[in-house]
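Below: the structure, in structure tokens.
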Amino acid sequence: MPKNLVIDYFNSIYPLSKVLTSYLSEKLKIVAFKKGRYLVSPLDKEDLLFFLVEGAVRGFTRIGDKKITTWLEVENNWVGRIRDFDCPGVTEYIEALEDCKLIYIDKKTLHHIYDNYMEVNYIARIVIEKSYSAAEERAFIARLPSAKLKYIRFLEIYPHLIERIPIKHIASFLGISEETLSRVRTGMLKEKHSDFQ
């Protein structure tokens, strides 16, 4: 799995200098996680940013015994801890939902390249805009007034996740129970069948 995937990703946004390309080639690391393993948990002391090369992951937090899925992501996207380590009352996890291959960079190195390579600030702005837009979409879905509307919007925005993400995580992401989502899906299937009769 070549580190060039990240360099190509950056170059698609803004051309990197040869010096930065060389530096990144040294600093980027490759890692794999099996399905069910945590990329990030409260036990991790090092803050890492991952580029997902293969696989699917979810971000979640715990409230008591309940795990609440906050986001879902697949290949060709950046994933990492959103909040600071010391954010009160919130613990973040990132779980591999499939076997995953990733390239990562530690936050200390990332801040070094922000300070020394101005093109990375432009690239980061584009990546953060994309991330912010995705967060806005998640907030919009959360505010829709019915489970059916939430699921319809999910189908519109995330059709690529339907076959890959277990229904229990989709339900958690939508803020509804798995049973409610099953009823919504069954009802929509019946409506579809009646339209063909």
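Inside segment 155-184, can you point out the residues that are out of contact with any helix residue (DSSP H, G or I) (no Cβ under 7 Å at 6 or more places or on another chain), of a type in the set (K, R) and part of a helix (DSSP H, G or I)?
Scanning segment 155-184 gives a single hit, R183.
Specify which of the listed residues (L5, L39) is in a helix (DSSP H, G or I), touching a residue at least 60 places away in the same chain (Cβ under 8 Å), in contact with a strand residue (DSSP E or B) (Cβ under 8 Å, 6 or more places away or on another chain) and hydrophobic (A, V, I, L, M, F, W, C).
Answer to the selection: L5.
Does I128 meet the test of being in contact with a Ser or Thr (Cβ under 8 Å, 6 or more places away or on another chain) and loosely packed, with under 14 Cβ neighbours inside 10 Å?
Answer is no for this residue.
Quick one: in segment 111-153, which of the residues that are charged (D, E, K, R) and in contact (Cβ under 8 Å) with a residue 24 or more places away in the chain is farthest from L24 (Cα to Cα)?
To start, the set of residues in segment 111-153 that are charged (D, E, K, R) comprises 115, 119, 125, 129-130, 136-138, 143, 148, 150, 153.
The next check asks that each one be in contact (Cβ under 8 Å) with a residue 24 or more places away in the chain; those that pass are 119, 138, 148, 150.
Working: E119: 13, R138: 32, K148: 45, K150: 40 Å.
Out of the qualifying residues, it is K148.
Somewhere in segment 64-84, is a residue more than 26 Å from L174 (Cβ to Cβ), modelled with pLDDT under 95, of a type outside the set (S, T, N, Q) and not in a strand (DSSP E or B)?
yes
Part of a helix (DSSP H, G or I) and farther than 30 Å from S17 by Cα: is that true of I152 in this structure?
So I152 fits the description; yes.
Could you figure out which of (1) surrounded by fewer than 16 Cβ atoms within 10 Å (Cβ to Cβ); (2) among the charged types (D, E, K, R); (3) within 23 Å of I13 (Cα to Cα) isn't true of K101?
(1)
Table: residues versus (1) open to solvent by 50 Å² or more (accessible area, probe 1.4 Å); (2) closer than 25 Å to E178 by Cβ.
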position	(1), (2)
K27	yes, no
A32	yes, no
K45	yes, no
F50	no, no
E54	yes, no
F60	no, yes
K67	yes, yes
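Here are some residues: E156, E163. Which one is charged (D, E, K, R), more than 26 Å from V31 (Cα to Cα) and loosely packed, with under 14 Cβ neighbours inside 10 Å?
Step by step, each of E156, E163 is checked, and only E156 is charged (D, E, K, R), more than 26 Å from V31 (Cα to Cα) and loosely packed, with under 14 Cβ neighbours inside 10 Å.
The values are calculated or read from the model by the stated rules, or taken from the named source; none is laboratory data. Bear in mind the structure is a predicted one, so any value in this text is a computation, not a measurement. Neighbour counts run over all protein chains shown; Cβ positions are idealised from the backbone, glycine included. Areas reflect the complete protein model, heavy atoms only, side chains present, ligands, DNA and RNA absent. Shrake-Rupley method; radii C 1.70, N 1.55, O 1.52, S 1.80 Å.
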